[in-house]
Amino acid sequence: MGQFFNTFPGGTRPQLARSRGFSLSQDEKGKGPVLRCAIPAPLRQYLDYLAPADWHGPIVRGARVRAPLGSRTLTGIITATVDSSSVAPGKLKSVSAVLDESPLIDTRMMDLLCWTADYYQHPPGETLMLGLSVRERRGQAPANIDQPGFELSLRGKGLAEDSLTRAPRQRALVAALREGPKSRVELLAAGFTGANLRSLAARELIKPVSMQTVSEWRSQPSLEANPEQASAIAAICASVGQFSCHLLEGVTGSGKTEVYLQCISQMLARGRQCLVLVPEIGLTPQLLKRFEERFDAPIAVLHSGLGNAERDRNWQRARLGEAAIILGTRSAVFTPMLNPGLIVVDEEHDLSLSQQDGLRYSARDVAVKRAQLSDCPVVLGSATPSLESMANATSKRYHWHQLTRRATGAQPPRKQIVDIRGLDLNAGLSSTLETSISDALNAGEQVLLFLNRRGFAPALRCHDCGWVAECGHCDARETLHRKPPRLQCHHCGAREAVPEYCPGCRGRRLFATGLGTEQTELALRANYPEVPVYRVDSDSMSGRQAMSSFADEVAKGGPCIMLGTQLLAKGHHFPRVTRVGVLDADAMLFSPDFRGEERLAQLLTQVAGRAGRAQRPGEGRIQPRHPDHPIIAAVLDNDWTTLSEQLLAARRQQGLPPHGALAALRCDSPDANAGLLFLQQLAERPGAARAQGGARIVGPLAAPMARRAGLYRSHLIVAGRSRGTVQAAMKDLVAAAGEQRVPTGLRWFVDIDPSEPL
Ligand code: ADP
Ligand code: ZN
Ligand code: ZN
């Protein structure tokens with residue numbers, strides 16, 4: 001490497017640096033600037049370093065460094081350059097290398113990542129890694145994609161005319177690129193070889209550039225938008241190059257996806273990229289198919305189901321502007337884009353958009369922030385938007401677009417309650433529901449049944465002594481599975497063989513209670529042997545292709561029964577389903593979470609809404625154990641707008657989000673009391689009350705599931721009128737926690753706007 005730096009003409013160095021917007025004045029005085037870096041370690045601060053003595057290239061925000069930390073050397077990111085550090089001058093270490101001469105993470109993304117670290121109060125080094133692909137985090141160069149073009153790197157521009165004398169073709173190539181970037185095709189036509197390009201790229205004298213031209217992105221003609229769609233599309237596209245946030249509320253089948261497609265089409269025509277986020281990997285294939293049918297434009301998919309190499313390449317395609325549309329799950333919200341034009345968050349109410357470990361963030365909220373920092377519109381779509389978004393829509397902070405009819409003119413489903421109190425059920429099916437299923441199948445139609453519990457039965461008990469199979473690591477029961485036979489904990493994943501006799505009394509009368517999808521599947525197969533029965537849960541749909549091949553089978557249109565959990569309830573397009581049944585509808589009613597009712601109402605509305613998407617009217621039958629519970633009744637009688645108003649009124653009364661804000665400082669510890677004690681000391685330390693500035697601290701409390709995967713869980717809740725008050729109080733708590741002695745094995749972390757039950 002060194003030899004190329006030596007060829008830098010000394011006199012032009014400050015000019016080069018200034019042209020990149022960074023001043024080397026300190027360096028010129030011989031002291032060198034201080035690099036403030038985010039290093040991937042659980043530290044809640046940025047770390048200061050000096051540039052390496054032999055580095056004469058530019059130092060830019062968003063470039064990577066290799067930096068020593070303790071006995072290790074880690075890949076970090078320069079977040080700023082400052083004149084002086086609080087670290088004593090002699091103690092300041094140098095980074096061992098600067099890896100990028102221009103920012104690998106652009107300014108807007110750096111701003112977003114730093115905002116994310118600050119807002120969620122998470123260690124910045126860990127947070128900023130989300131702005132890199134897997135290989136980039138390891139310090140490797142960005143993935144090699146079939147680059148359409150090349151230009152000289154800074155190093156290449158600084159190369160003296162008389163270098164490369166022993167490699168005339170490479171020298172000629174550098175000379176050709178002095179005129180400006182050239183496409184790969186052009187260079188090959190001029191007689192250069194792929195090997196010439198590779199060897200100069202390996203020596204970092206040239207680098208890939210996007211040669212993408214706008215006219216290459218085309219769209220097929222779209223459907224004629226109905227007036228509601230047209231007004232949403234016009235409003236969203238009116239804000240090209242400008243931030244605005246749009247809530248698109250529309251029942252299943254009302255044409256939300258068509259609105260996304262038409263907005264994307266307009267953005268592509270302007271040469272801008274679009275980012276589309278969905279909550280589940282399972283939803284990507286069908287959306288991808290619709291995108292591919294509509295657009296003659298490169299699409300990059302980003303989710304955890306891809307291998308690292310493919311993900312890294314798609315990441316780089318997005319960064320260089322080679323990918324027109326980026327479709328991904330929550331962490332794709334940090335995908336780099338050359339020219340962002342629109343962000344879409346589909347099923348914005350979905351819990352899967354929130355990350356529940358490490359950095360606990362909401363991809364929806366980060367997407368809105370990203371749009372704001374990128375000066376582009378963002379669309380949040382759902383049939384049942386979160387109460388947070390509904391509140392923002394009614395207060396006019398978001399533009400609110402409602403699609404009130406089904407786009408194909410189909411009738412809305414008839415929703416009906418089956419009161420199952422006192423009835424004999426066959427694996428959860430009432431005779432009314434069974435008749436309804438038979439009628440539908442006889443008419444050649446498809447049936448969708450929802451049961452939100454996988455496995456055969458949620459509990460295994462002893463008839464003689466009352467023993468119940470419990471997980472040895474969690475405060476939870478084990479679920480009985482038949483295929484393959486096992487007891488499994490759904491919280492930590494632990495598995496055990498099914499015992500032959502009771503471990504409590506050695507009796508042999510063990511029996512399963514409650515209902516799971518495996519059990520109902522058996523009953524359905526026995527009842528309806530002539531039609532296929534598809535079970536859709538995370539056990540049966542674990543392979544990469546499982547979900548899409550299931551969807552393909554169903555799309556063929558023959559009569560069938562689908563039985564599934566949440567996985568089936570989300571956004572899927574099953575136009576031939578006419579009957580929907582919800583079994584054990586109120587299992588979520590008595591959840592400890594204050595969002596329990598919102599979730600249940602969303603789920604029931606979503607599931608019931610799956611029926612009758614095509615021309616045939618649908619029918620939704622809900623079988624609750626508590627048919628007179630106000631939420632169940634409200635779901636039957638109301639649309640989401642009305643329901644959400646009722647739920648919001650209750651939140652306002654209770655002072656719960658979105659009225660007021662919440663955060664939690666959580667502890668996990670192998671010791672039953674250590675977390676509670678640690679949090680208590682924090683809450684009761686001198687001056688704590690003063691520092692809270694209007695926020696209330698509640699707790700410490702044990703989490704609703706006090707032990708999970710062998711760890712005892714507890715938390716302090718911070719509640720306040722606004723996110724700002726809560727933020728400030730949490731900052732104070734975090735600072736204090738950082739100074740308090742941490743017992744062995746205890747981990748504490750911050751959860752802002754928590755989505756897990758408190
Ligand atoms: P959602 O995303 O709200 O579930 P979709 O966009 O998938 O709704 O639309 C549901 C169905 O209606 C699809 O088959 C789609 O092709 C059709 N559709 C959507 N908009 C229109 C329109 N303006 N004219 C005719 N059909 C439409
Ligand atoms: Zn027993
Ligand atoms: Zn467990």
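The values are calculated or read from the model by the stated rules, or taken from the named source; none is laboratory data. Bear in mind that the values here come from a model prediction, so they are computed numbers and not experimental data. When we count neighbours, we look across all protein chains shown, and the Cβ atoms used for this are built from the backbone with ideal geometry, even at glycine. Side chains included, ligands, DNA and RNA excluded: accessible areas come from the protein's heavy atoms. Shrake-Rupley method; radii C 1.70, N 1.55, O 1.52, S 1.80 Å.
Some values worked out for this structure:
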{"read-out": "Size of charge dipole - region 441-508 - debye, nearest 20, with Cβ of Lys, Arg +1 and Asp, Glu -1, no other charges", "value": "160"}
{"read-out": "Gain on full stretching of the segment that runs from GLN372 to LYS157 - 0.36 nm per residue minus C-alpha separation", "value": "73.9 nm"}
{"read-out": "Cβ charges +1 (Lys, Arg) and -1 (Asp, Glu), total dipole of region 22-137, debye", "value": "340"}
{"read-out": "Rounded FRET efficiency, nearest 0.05, which uses the C-beta distance separating ALA269 from LYS289 and R0 of 22 Å", "value": "0.50"}
{"read-out": "Alpha carbon Rg of region 661-752, scaled by the compact-globule rule 2.2 N^0.38 Å", "value": "1.02"}
{"read-out": "Per residue, the convex hull volume that the Cα atoms of the chain enclose (Å³)", "value": "191"}
{"read-out": "Cβ-based charge dipole, the chain, positive-most Cα from GLY687, VAL536, SER84", "value": "SER84"}
{"read-out": "C-alpha long axis of helix 363-374 to longest principal axis of the chain, angle in °", "value": "30"}
{"read-out": "Net +/- balance of residues flanking ALA195 in space, Cβ distance below 14 Å, scoring K and R +1, D and E -1", "value": "+4"}
{"read-out": "Degrees separating the helix 517-527 axis from the principal Cα axis of the chain, which is the longest one", "value": "50"}
{"read-out": "Region 22-137: relative contact order as a whole-number percent, Cα under 8 Å and 6+ apart", "value": "32"}
{"read-out": "Inter-probe distance in nm under a simple model that places probes 7 Å from Cα toward Cβ, at LEU306 and GLU224", "value": "3.8"}
{"read-out": "Per residue Cα convex hull volume in Å³ - calculated over region 22-137", "value": "104"}
{"read-out": "Additional length obtainable on full extension of the chain from THR165 to ALA190, 0.36 nm per residue less Cα span", "value": "7.0 nm"}
{"read-out": "Cα-based Rg of region 147-211 normalised by 2.2 N^0.38 Å, two decimals", "value": "0.97"}
{"read-out": "Two-site FRET efficiency, ASP118 against VAL698, from Cβ-Cβ distance with R₀ of 22 Å, rounded to 0.05", "value": "0.35"}
{"read-out": "Beta bridges by DSSP in region 22-137, antiparallel share as percent, to the nearest 5", "value": "95"}
{"read-out": "Label-point separation, ALA238 to VAL742 (7 Å along Cα→Cβ), nm", "value": "5.0"}
{"read-out": "The chain, helix-only ellipticity at 222 nm - DSSP H runs n ≥ 4, -39,500 (n - 2.57), divided by all residues, nearest 500", "value": "-9000 deg cm²/dmol"}
{"read-out": "Residues of region 147-211: accessible area per residue with a 1.4 Å probe, Å²", "value": "49"}
{"read-out": "Accessible surface of the chain, 1.4 Å probe, proportion on carbon and sulfur as whole %", "value": "50"}
{"read-out": "Sites ASP552 and VAL468 - FRET efficiency at Förster radius 51 Å, r taken between beta-carbons, to 0.05", "value": "0.80"}
{"read-out": "Over the chain, relative contact order from alpha-carbon pairs under 8 Å, at least 6 apart, %", "value": "10"}
{"read-out": "Label-reachable residues, region 445-466, where backbone N falls under 13 Å from a point 7 Å from ARG482's Cα toward its Cβ", "value": "455-458"}
{"read-out": "Region 224-403, relative contact order in percent, only Cα pairs under 8 angstrom and at least six apart counted", "value": "36"}
{"read-out": "Given charges at Cβ of Lys, Arg, Asp, Glu: the chain dipole, positive-most of LEU351, THR520, LEU223", "value": "LEU351"}
{"read-out": "Volume per residue that the Cα convex hull of region 494-561 spans, once the total is divided by residue count, Å³", "value": "122"}
{"read-out": "Distance (nanometres) between label positions extended 7 Å along Cα→Cβ at VAL82 and GLN140", "value": "3.4"}
{"read-out": "Size of electric dipole in the chain: Cβ of Lys, Arg +1 and of Asp, Glu -1, about Cα centre, debye, nearest 20", "value": "1660"}
{"read-out": "Region 150-179: GluC sites (Glu not before Pro) falling in loop per DSSP and having at most 14 other Cβ within 10 Å", "value": "GLU161, GLU179"}
{"read-out": "The chain - Cys residues lacking any other Cys C-beta under 4.7 Å", "value": "CYS37, CYS114, CYS237, CYS245, CYS263, CYS274, CYS376, CYS492, CYS560, CYS667"}
{"read-out": "Dimensions (Å) - region 440-572, Cα atoms, principal axes, largest first", "value": "52, 30, 20"}
{"read-out": "Dipole of region 147-211, positive direction: furthest Cα of VAL209, PRO181, LEU164, with charges on the beta-carbon", "value": "LEU164"}
{"read-out": "Antiparallel bridges, percent of DSSP beta bridges restricted to the chain (to nearest 5)", "value": "55"}
{"read-out": "Helix 227-237 vs. the chain, principal-axis angle (Cα, 0 to 90°, nearest 10)", "value": "30"}
{"read-out": "Formal net charge of residues neighbouring ALA459 (Cβ-Cβ distance under 15 Å; K, R +1; D, E -1)", "value": "+1"}
{"read-out": "Difference of contour (0.36 nm per residue) and Cα-Cα distance, GLN680 to ARG397", "value": "98.1 nm"}
{"read-out": "Region 224-403 - Rg (one decimal) and Dmax (whole number), Cα, Å", "value": "14.9, 45"}
{"read-out": "Under 14 Å, Cβ to Cβ, from SER669 - net charge with Lys/Arg +1 and Asp/Glu -1", "value": "+4"}
